[in-house]
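What follows is a set of notes on a single structure, which appears directly below.
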Amino acid sequence: QVQLVESGGGLVQPGGSLRLSCEGSGTGFSFYTMGWYRQVPGMQRELVASIRGDGSTNYVDSVKDRFTISRDNVKNTVYLEMNSLTPEDTAVYYCNARLFPQTYWGQGTQVTVSS
């Protein structure tokens, strides 16, 4: 069983930055593919970025060159550094841990980009 706790969301002005953190409990964290998803009311949850155990990363086109996902396997933590934020980035951001066949979700953290 893995429990995920996100932190770092909040209100930021357009053009600003935020760093989200997701700390996981349990063993074997380094083997999990970790991802950040986001969801806007009435829309499907979308994958924003993911990082595999070997450190390889994947990003949705809309955040490439603005967001960076990283992980610290000693601290059992994955990060999402978000720069040049726009109102379109406003959403609830969820942390995900995946190791087939298990998948786990955090409770979500709100990110609001507004002036």
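The values are calculated or read from the model by the stated rules, or taken from the named source; none is laboratory data. Worth saying up front: this structure is predicted, and the values here are computed from it rather than measured. No Cβ is skipped: glycine too gets one built from the backbone with ideal geometry, and neighbour counts run over all protein chains shown. All accessible areas refer to the heavy atoms of the entire protein, side chains included, with ligands and DNA or RNA removed. Shrake-Rupley method; radii C 1.70, N 1.55, O 1.52, S 1.80 Å.
Within the range 1-46, the set of residues being touching a residue at least 24 places away in the same chain (Cβ under 8 Å), among the charged types (D, E, K, R) and closer than 15 Å to N96 by Cα comprises E6, E23, R38, R45. A residue that is more than 19 Å from E6 (Cβ to Cβ) and part of a helix (DSSP H, G or I) occurs nowhere in the range 95-113. Could you grab me the full set of residues in the range 100-110 that are open to solvent by less than 70 Å² (accessible area, probe 1.4 Å) and more than 11 Å from the chain's Cα centre (by Cα)? The one that is open to solvent by less than 70 Å² (accessible area, probe 1.4 Å) and more than 11 Å from the chain's Cα centre (by Cα): Y104. In the condition set (1) at pLDDT below 95; (2) more than 14 Å from W105 (Cα to Cα), Q3 is compliant with all but (2).
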